[in-house]
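*Asks:* Mind having a look at this structure? Questions to follow.
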Amino acid sequence: MDPSPTFASRRASFEALDALEGDPQFMTRLCDCRVRAEQRKASKRASRALLGKVENKPPVDSDEDEELDL
C-alpha cells in the first residue's frame with residue numbers, strides 16, 4: 001500500500017499512461033470526439049454552401065451602373 005494519497009494517485013496516473021502507450025488504438029475505441037467534430041464541420045460547410053446559393057444575387061446590368069455614376 002502507498003504511504004500517501006498523493007503518491008498513490010501519481011502512481012495510478014503513471015500506470016494509466018503506460019497502459020495507454022501500450023495500446024495506441026485505445027482513444028479511437030473510447031473517444032468519438034474527432035468524429036463528432038468532423039461531423040459538425042461538415043454540417044457547417046453544407047450550411048454555408050446552401051446559404052451561399054440562396055444569397056447570390058442576379059448580376060447587375062452594366063447599363064444601370066453607368067446611369068448611377070452620372
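*Asks:* Stokes-Einstein at 4 °C, 1.567 mPa s, Kirkwood radius from Cα pairs: D for the stretch 5-55 in µm² s⁻¹?
*Replies:* Once the numbers are plugged in, D ends up at 91 µm²/s.
*Asks:* Still on this structure, I have one more. Within 15 Å, Cβ to Cβ, of Lys41, how many net charges do the neighbouring residues add up to if Lys/Arg are +1 and Asp/Glu are -1?
*Replies:* Once positives and negatives cancel, what remains is +4.
Each reported figure results from applying straightforward, stated rules to the coordinates on display, with no laboratory input. The shown structure was predicted, so the numbers you read here are calculated from the model rather than taken from an experiment. With ideal geometry, Cβ positions are generated from the backbone for all residues, glycine too; neighbour counts draw on all protein chains shown.
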